[in-house]
Amino acid sequence: MNMTGSSITLRLSVLSLFFVLAIAGARPVQAAGSETDFRAAYAAAEAANTEAGRLRNQWTVTAEALAAAKKAADKGDFDHAIAVAKEAEALAKASIFQATSEQEAWKNLEIR
Amino acid sequence: MKARLAIHLASAALALAAVAFAAMPAIAADTPDPVADAKAFRNYFVTKFPDVKLEDFVNGPYSMNEDMRRQWEEKEQFPPYEFSLEMGKEMFARPFKNGRSYADCFPNQGIGIRQNYPYFDPGKGKVVTLELALNQCREANGEPSFSYVADEMAALTAYMAFTSRGKPFDIKIPDDPRALEAYQNGKRYFYTRRGQLNFSCATCHVQNPGERMRAEILAPALGILNAMPIYRSEWGGMGTISRRLTTCNSQIRGVPLEPQADEYRDLEYYLSYVSNGLPISGPGARP
């Protein structure tokens, strides 16, 4: 197989063009995905916090994280909004774990 | 054959007895015993602080720290809750629009009765606190209820507490399973960890009274409600029991429940019961 210099150049150009087009084409899809991802992350966090509320054990920091996520999303900063929404979900899940484990664990502190 | 059957039956009976015996302590531990609880509660604090007189626990951090106590005694010459007390006295005496008054809603015209609150109302099947009873009185007489965390409620309870000063807490748990359940719920709330800081009420007021939490000296749980309502320098004003409980929750990064939620009423029932015999000292003043 013997390739000439112009043939290699052509192939590289085609490959470069492909990558440029791929990146350019992927950008709008990625942005739309971010908002969708935010909505999903926020809904998951809200659901976990609602469950914590049912257990009468919500945390103030969860509410603060939810508010911060919404604020970031309103500004169009979906990367940050998703990160904070995920943090809110983690906090809400921790409060659920606390409420569940304390159903028995409180007895360990009791003065007897 | 008969011998084998007898051996099997005997083994089964023995196993059953063993299981029943093993289960007994667990059942006993879960059965509420308010009298034993109150005794253990008091013994814990008396043993932990052998130099503090029993009736002095109602003075909270001042019973734990000599310097603070001296400052407080001087402050009591012109107590910061005096304005609230005067306001409460005046409010209490002022008739409602229908001509009736608070005195008509309470035993002994509302004078010297603070030590009997909260009580369990068998009709409603719930605990009734003094703050709740005051708002029920207002509503029954066509008046709007007060916020449980505002100055008006603090003033009214300050006056009623003042008329009970020196009278020992006398909280009753009637022979009613719902009353015992309310007591147990209050106890569970007191010891349950909550908030991002993972604190229970007991973390501060059982495990660490007398210790500093930032600038504050933590009060012992024994007698902690006897001084309520309180003027807090930190708040720059008066605070009801509702205000104190909701603020405690916020401080540990937990979302407070609504004032006078069942949990808070049951907690007040438990904490007051285990302080039975200690004198009412409210209204109080705290840093």
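The values are calculated or read from the model by the stated rules, or taken from the named source; none is laboratory data. On a predicted model such as this, the values are computed, not experimentally measured, just so you know. We place every Cβ from the backbone using ideal geometry, glycine too, and count neighbours over all the protein chains shown. Only protein heavy atoms, including side chains, enter the accessible area calculation; ligands, DNA and RNA are left aside. Shrake-Rupley method; radii C 1.70, N 1.55, O 1.52, S 1.80 Å.
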Check: Going by alpha carbons, how many degrees (0 to 90, nearest 10) lie between the helix axis of B:2-30 and the longest principal axis of chain B?
Finding: 10
Item checked: Isolated Cys residues of chain B, judged by Cβ distance under 4.7 Å to other cysteines -> B:Cys201, B:Cys204, B:Cys248
Notebook entry, point to check: To the nearest µm²/s, what D does Stokes-Einstein give for the stretch B:69-161 at 37 °C and 0.692 mPa s, using the Kirkwood radius over alpha carbon pairs as Rh?
Noted result: 229
Check: Between A:Lys75 and B:Tyr44, what is the label-to-label distance in nm when each label sits 7 Å out along the Cα-to-Cβ direction?
Finding: 4.7
Next item on the list: Relative to the compact-globule scaling 2.2 N^0.38 Å, provide the ratio for the alpha-carbon radius of gyration of the stretch B:187-287.
Entry: 1.01
Item checked: For chain B, alpha-carbon Rg relative to the globular expectation (2.2 N^0.38 Å, N residues) -> 1.20
Next item on the list: List the residues whose amide H sits under 5 Å from the amide H of B:Asn141, counting only those 5 or more places along or on another chain, with H placed 1.01 Å from N in the peptide plane.
Entry: none
Item checked: Set of aspartates and glutamates near B:Lys187 by C-alpha distance (under 16 Å), chain-local residues within fewer than 8 positions excluded -> A:Glu102, A:Glu104, A:Glu110, B:Asp30, B:Asp33, B:Asp37, B:Asp262, B:Glu263, B:Asp266, B:Glu268
Notebook entry, point to check: Which whole-Hz couplings ³J(HN,Hα) result when phi for each residue of the stretch A:37-48 is put into the Karplus expression 6.51 cos²θ - 1.76 cosθ + 1.60, θ = phi - 60°, listed in order with x for Gly and Pro?
Noted result: 4, 4, 4, 5, 5, 5, 5, 5, 5, 5, 5, 5
Margin query: Relative contact order for chain B: what percent, with Cα pairs under 8 Å and sequence separation of 6 or more?
Written below: 26
Checklist line | Of A:Lys107/B:Lys124; A:Lys107/B:Lys39; A:Lys107/B:Lys53, those spanning more than 20 Å from alpha-carbon to alpha-carbon | finding: A:Lys107/B:Lys124; A:Lys107/B:Lys53
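Suppose R0 equals 45 Å. What FRET efficiency, 1/(1 + (r/R0)^6) with r the Cβ-Cβ distance, do B:Phe96 and A:Ala44 give to the nearest 0.05? Please report the intermediate quantities before stating the final value.
Values: r = 51 Å, r/R0 = 1.13.
With a Förster radius of 45 Å, E is 0.30.
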Checklist line | Stretchable slack from B:Glu73 to B:Trp235, in nm (0.36 nm times residue separation minus alpha-carbon distance) | finding: 56.3 nm
Note to self: For chain B, what does the helix formula give at 222 nm: sum of -39500 (n - 2.57) over DSSP H segments with n ≥ 4, over the residue count, nearest 500 deg cm²/dmol?
What the structure shows: -14500 deg cm²/dmol
Margin query: Sort A:Lys70, B:Lys172, B:Lys97 by heavy-atom solvent-accessible area, probe 1.4 angstrom, most to least.
Written below: B:Lys97, B:Lys172, A:Lys70
Margin query: Give me, ordered by chain and number, the residues 5 or more places off B:Gly284 or on other chains with an amide H under 5 Å from its own placed amide H.
Written below: B:Ile230, B:Tyr231
Note to self: Helix B:241-251 against the longest principal axis of chain B: what's the angle in degrees, Cα atoms only, rounded to the nearest 10?
What the structure shows: 70
Notebook entry, point to check: Lys/Arg Cβ at +1, Asp/Glu Cβ at -1, dipole of the stretch B:30-286 taken about the Cα centre: which of B:Pro259, B:Gly237, B:Ala202 is farthest positive-ward?
Noted result: B:Ala202
